[in-house]
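A.B. asks: This structure is in structure tokens; I'll ask about it shortly.
The values are calculated or read from the model by the stated rules, or taken from the named source; none is laboratory data. What you see is a predicted model, and the numbers here were worked out from it, not measured in a lab. Neighbour counts run over all protein chains shown; Cβ positions are idealised from the backbone, glycine included. We work out accessible area using only protein heavy atoms, side chains counted, and drop any ligands, DNA or RNA first. Shrake-Rupley method; radii C 1.70, N 1.55, O 1.52, S 1.80 Å.
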Amino acid sequence: MIKVEGLTKYYGPVRGIEDVSFTVKEGETVGLLGPNAAGKTTTMRILTCLFPPTRGKAEVAGLSVVEKPLQVKKLIGYLPETTPLYLDMTVSSYLGFVAEIKGIRYKNKKEKIKQVMQTCGIENVRERIIGKLSKGYRQRVGLAQALLNNPPVLILDEPTIGLDPKQTFEFRQLIRGMRGKRTIILSTHILPEVSMTCQRVIIINKGKIVAQDTPYNLASQLQKSNRIYLQIEGHVDEVTKGISGIQGIMGIKPGKRIAQNTFEYIVETEKNINLTKEIASFVVNSGWGLLEMRPLSMGLEDVFVNLVTEEKVAEEKEK
Amino acid sequence: MKNFSALFKKEIKSYFVSPIAYVLICVFLVICGYFFYRDLLYFSFLSLQAGYDSSLQSSVNINELILRPLFSNMSFILLFLVPLLTMRIFSEEKKLGTLELLLSYPVRDVEVIMGKFAASLVVLLVALGITSIFPIILFILGEPEAGPIICGYLGLILMSVAFIFVGMLFSSLTENQIIAATATFGALLLFWAIGWSSAFAPGVLGKLLAQLSAFNHFSSFARGVINTSDLTFYINLSLFFLFLTAKSLQARAWKG
């Protein structure tokens, strides 16, 4: 549905993005993840035909954003980062204006507006002036205008910023509810948001793509070792010594003391080997008590920090 | 065309739902009314005098003594008011960020410009329309000529169109409304006064300055004369600034 190849944008001498390539399949929800000023908004602005790229190609449904901006714009619903709305208009007159400018026929207008108002839960504020609405409601009005005319592609720039936790939750539910029906690109620098709403993540840092995959794959790829969390009742030194003797164990670290003779341990094993069975039988055979045992997986947060810092290290080496 | 009308309706609403249009029109009318009253008093004073002194009679002419100065005064007031009308057109949208969203809709730049232009022009047309009460009063009291009046209004409308386009250019260049208004006012005043030095400037330069003057080109309209050179001046000025405004919106391509 969306195809981006070698996309590069310079603002004068300043690099916005460089050589960004990715594709998004129809019905997929993709998260653009990156720290501030990483190039997320630049990528989105090029896709919404605000300005052309310096180099590279961007296509939406096979149409180039440079050559056919009007057709591309018809396919896209866009919600910019700051949710810019006309503050002096009422919600319904604003949506009426957007409906007209998006070319919705007059006879369908009322019904379509009603539909998006229902989807976004803003029927109860329809006659209020937008400037008087709370941030949460404004964000919903912003989403409503993006959804008008049923665009197959949604581009949302940091859609949950400034919302309270309940609103954030509801907003994510709304976006999850559209999964499969629309192609969605959303940018964020909040990591749990990506793992909750997106099927695939593209991590951008300093204008370049650092990684792209499913949240799960990203986490497992970057993990250099498997880690297992254990709670064992037994003497600390004996347990440490005993377990580190098992083949394939790279290390064991005792953690907090939980009860008189019970400690937490984190065991690192080689990647791609599952040693849980061996550890369990060893512990039982030694007469200790195995209270808890679970694999520790790397969260997206770790992945992100890892990637961004790895970049730094690589850069320093270059210098 | 549909996009144009959607934008036009939205802009008209925002002018007339907020107090902007009313305040501008009201101020315009109060000042015009004052000048009209002054000219009317002067005219009746002269008429009285002409009753005693027959040599004055030939110079007592409603069109020359009331309407011509009235048109000149109205054009001068427009010079002050148009920058205030046009300063928000793009600056406000730039500041709020709504321009980015607006341009992400399937609209052409020129539709955006023309929609906003038409709405501003309507505000000025309403103001000018209400001033038609002055000639109507004169028709009731005396016998002015209709031709020069129509001609004067034509000149005012042409000038409004050109001034709005000048204002739109400066509004599209900045997100600060005060800067937009100041720059527009400066540009318009310069276009107004540029002819004043033409008498002293040598040769071609003097002619050029005289031809660039918005005031010179308006004065024949106020007299009741339609010159093709005046018509083309205002049309060219409008088209030139429309072109610059369109380019300024497109500049986002390389400015970002």
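A.B. asks: For the range A:1-37, which residues satisfy the criterion of being under 14 Å from the mean Cα position of the chain (by Cα), crowded, with 24+ Cβ neighbours inside 10 Å and more than 18 Å from A:Y78 (Cα to Cα)?
C.D. replies: Matches in the range A:1-37: A:G34 only.
A.B. asks: Right, next: In the range A:93-119, how many are at pLDDT below 90, at the interface with chain B (Cβ under 9 Å from one of its Cβ atoms) and in a helix (DSSP H, G or I)?
C.D. replies: Here the count works out to 0.
A.B. asks: Also, I was wondering about something else. Identify, please: which residue in the range B:90-116 is open to solvent by less than 20 Å² (accessible area, probe 1.4 Å) and farther than 18 Å from A:L50 by Cα and is, among those, farthest from the other protein chains (Cβ to nearest Cβ)?
C.D. replies: The first filter runs over the range B:90-116 and keeps only residues open to solvent by less than 20 Å² (accessible area, probe 1.4 Å), leaving B:90-91, B:93, B:97-99, B:101-107, B:112-113, B:115-116.
Keeping just the survivors that are farther than 18 Å from A:L50 by Cα gives B:115-116.
Values: B:G115: 9, B:K116: 13 Å.
Among residues in the range B:90-116 that are open to solvent by less than 20 Å² (accessible area, probe 1.4 Å) and farther than 18 Å from A:L50 by Cα, the one farthest from the other protein chains (Cβ to nearest Cβ) is B:K116.
A.B. asks: Of the conditions (1) farther than 30 Å from A:F22 by Cα; (2) part of a strand (DSSP E or B), A:I203 fails just one. Which one is it?
C.D. replies: A:I203 satisfies every listed condition except (1).
A.B. asks: Let me ask something additional. Which condition does A:E127 not pass, out of (1) part of a helix (DSSP H, G or I); (2) modelled with pLDDT of 90 or more; (3) more than 10 Å from every other protein chain (Cβ to nearest Cβ), if it passes all the others?
C.D. replies: In the conditions (1) part of a helix (DSSP H, G or I); (2) modelled with pLDDT of 90 or more; (3) more than 10 Å from every other protein chain (Cβ to nearest Cβ), A:E127 misses (1) alone.
A.B. asks: Right, something else. Has the range B:208-231 got any residue that is outside any helix (DSSP H, G or I), over 15 Å from the mean Cα position of the chain (by Cα) and within 14 Å of chain A (Cβ to nearest Cβ)? Please lay out each step first, then the result.
C.D. replies: Going residue by residue through the range B:208-231, those that are outside any helix (DSSP H, G or I) are B:213, B:224-227.
Next, from what is left, pick out any that are over 15 Å from the mean Cα position of the chain (by Cα): B:224-227.
After this cut, where a residue has to be within 14 Å of chain A (Cβ to nearest Cβ) as well, the list is none.
Among the residues of the range B:208-231, not one is outside any helix (DSSP H, G or I), over 15 Å from the mean Cα position of the chain (by Cα) and within 14 Å of chain A (Cβ to nearest Cβ), which makes the answer no.
Here's the yes/no breakdown for (1) in contact with a helix residue (DSSP H, G or I) (Cβ under 8 Å, 6 or more places away or on another chain); (2) part of a loop (DSSP other than H, G, I, E, B); (3) not assigned by TED's automatic domain parsing to the domain that holds A:D213:
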| position | (1), (2), (3) |
| --- | --- |
| A:L7 | yes, no, no |
| A:G16 | yes, no, no |
| A:P35 | yes, yes, no |
| A:R45 | yes, no, no |
| A:C49 | yes, yes, no |
| A:G56 | no, no, no |
| A:G77 | yes, no, no |
| A:L85 | yes, yes, no |
| A:D88 | yes, yes, no |
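A.B. asks: Can A:G39 be described as more than 9 Å from every other protein chain (Cβ to nearest Cβ) and closer than 25 Å to A:I161 by Cα?
C.D. replies: In short, yes.
A.B. asks: So how many residues does the range B:162-185 have that are open to solvent by 30 Å² or more (accessible area, probe 1.4 Å) and within 16 Å of B:L79 (Cβ to Cβ)? If you could, list the steps in order and put the result at the bottom.
C.D. replies: Going through the range B:162-185, the residues open to solvent by 30 Å² or more (accessible area, probe 1.4 Å) turn out to be B:170, B:173, B:175-179, B:182-183, B:185.
Next, from what is left, pick out any that are within 16 Å of B:L79 (Cβ to Cβ): B:170, B:182-183, B:185.
Matching residues across the range B:162-185 total 4.
A.B. asks: Given the criterion within 25 Å of the chain's Cα centre (by Cα), open to solvent by 60 Å² or more (accessible area, probe 1.4 Å) and basic (K, R), identify the matching residue among A:K73, A:K68, A:K135.
C.D. replies: Numbers: A:K73 fails: open to solvent by 60 Å² or more (accessible area, probe 1.4 Å); A:K68 fails: within 25 Å of the chain's Cα centre (by Cα).
None of the other options fit; the residue is A:K135.
A.B. asks: Still on this structure, I have one more. Taking the condition of being in a strand (DSSP E or B) and touching a Ser or Thr at 6+ places or on another chain (Cβ under 9 Å), how many residues in the range A:225-262 meet it? Can you show your working first?
C.D. replies: Taking the range A:225-262 first, the residues in a strand (DSSP E or B) are A:225-233, A:249-259, A:262.
Retained after the next criterion (residues that are touching a Ser or Thr at 6+ places or on another chain (Cβ under 9 Å)): A:225-228, A:231-233, A:249-254.
Matching residues across the range A:225-262 total 13.
A.B. asks: Report yes if A:I122 is touching a Lys or Arg at 6+ places or on another chain (Cβ under 7 Å) and either at pLDDT below 90 or within 22 Å of B:A6 (Cα to Cα) (or both), otherwise no. Please lay out each step first, then the result.
C.D. replies: Numbers: touching a Lys or Arg at 6+ places or on another chain (Cβ under 7 Å): yes; either at pLDDT below 90 or within 22 Å of B:A6 (Cα to Cα) (or both): yes.
Yes: the conditions hold for A:I122.
A.B. asks: Considering only the range A:80-132, state which residues are in contact (Cβ under 8 Å) with a residue 60 or more places away in the chain and open to solvent by 20 Å² or more (accessible area, probe 1.4 Å).
C.D. replies: Narrowing the range A:80-132 to residues in contact (Cβ under 8 Å) with a residue 60 or more places away in the chain: A:80-81, A:85.
If the condition is that a residue be in contact (Cβ under 8 Å) with a residue 60 or more places away in the chain and open to solvent by 20 Å² or more (accessible area, probe 1.4 Å), then A:E81 is the only one that fits.
A.B. asks: Regarding A:L186, is this residue under 17 Å from the mean Cα position of the chain (by Cα) and not in a loop (DSSP other than H, G, I, E, B)?
C.D. replies: Details: under 17 Å from the mean Cα position of the chain (by Cα): yes; not in a loop (DSSP other than H, G, I, E, B): yes.
Answer is yes for this residue.
A.B. asks: May I ask you to list the residues in the range A:49-87 that are within 8 Å of chain B (Cβ to nearest Cβ) and on the phi > 0 side of the Ramachandran plot?
C.D. replies: A:C49
A.B. asks: Here is a further query. Kindly provide the set of residues from the range A:152-171 that are open to solvent by 40 Å² or more (accessible area, probe 1.4 Å) and outside any loop (DSSP other than H, G, I, E, B), ordered by number.
C.D. replies: Of the range A:152-171, the ones open to solvent by 40 Å² or more (accessible area, probe 1.4 Å) are A:152, A:161-162, A:164-167, A:169-170.
A:P165, A:K166, A:Q167, A:F169, A:E170, listed by residue number.
A.B. asks: How many residues does the range A:56-70 hold that are within 17 Å of B:V107 (Cα to Cα) and in contact with a Pro (Cβ under 8 Å, 6 or more places away or on another chain)?
C.D. replies: So the answer is 3.
A.B. asks: Then there's this: Mind checking which pairs have a first residue in the range A:255-269 that is assigned by TED's automatic domain parsing to the domain that holds A:G287 and more than 14 Å from A:L290 (Cβ to Cβ) and a second that is open to solvent by 70 Å² or more (accessible area, probe 1.4 Å) and among the aliphatic types (A, V, I, L, M), Cβ under 6 Å, 6 or more apart or different chains?
C.D. replies: What qualifies is A:E268/A:M250.
A.B. asks: Listed residues A:S134, A:S244, A:S195; which is over 30 Å from A:P53 (Cα atoms), hydroxyl-bearing (S, T, Y) and not assigned by TED's automatic domain parsing to the domain that holds A:R257?
C.D. replies: Numbers: A:S244 fails: not assigned by TED's automatic domain parsing to the domain that holds A:R257; A:S195 fails: over 30 Å from A:P53 (Cα atoms).
Going through A:S134, A:S244, A:S195 in turn, the sole match is A:S134.
A.B. asks: On to the next question. List the pairs whose first member sits in the range B:2-17 and is more than 7 Å from chain A (Cβ to nearest Cβ), whose second member is open to solvent by less than 40 Å² (accessible area, probe 1.4 Å) and of a type in the set (D, E), and whose Cβ atoms are under 6 Å apart, counting only residues at least 6 apart or on separate chains?
C.D. replies: From residues that are more than 7 Å from chain A (Cβ to nearest Cβ), the pairs are B:F4/B:E111.
A.B. asks: From the list B:F76, B:F71, which residue is surrounded by fewer than 18 Cβ atoms within 10 Å (Cβ to Cβ) and assigned to a helix (DSSP H, G or I)?
C.D. replies: Testing whether each residue is surrounded by fewer than 18 Cβ atoms within 10 Å (Cβ to Cβ) and assigned to a helix (DSSP H, G or I) leaves just B:F76.
A.B. asks: If you don't mind, there's one more thing I want to ask. Quick check: anything in the range B:197-212 out of contact with any Phe, Trp or Tyr (no Cβ under 6 Å at 6 or more places or on another chain), among the hydrophobic types (A, V, I, L, M, F, W, C) and closer than 30 Å to A:G96 by Cβ? Steps first, please.
C.D. replies: To start, the set of residues in the range B:197-212 that are out of contact with any Phe, Trp or Tyr (no Cβ under 6 Å at 6 or more places or on another chain) comprises B:197-212.
Then keep just the ones that are among the hydrophobic types (A, V, I, L, M, F, W, C); that gives B:199-201, B:204-205, B:208-210, B:212.
Restricting the remaining residues to those that are closer than 30 Å to A:G96 by Cβ gives none.
Within the range B:197-212, none of the residues are out of contact with any Phe, Trp or Tyr (no Cβ under 6 Å at 6 or more places or on another chain), among the hydrophobic types (A, V, I, L, M, F, W, C) and closer than 30 Å to A:G96 by Cβ.
A.B. asks: Failed condition for B:G195, given (1) open to solvent by less than 20 Å² (accessible area, probe 1.4 Å); (2) within 16 Å of the chain's Cα centre (by Cα); (3) not β-branched (V, I, T), with all others met?
C.D. replies: (2)
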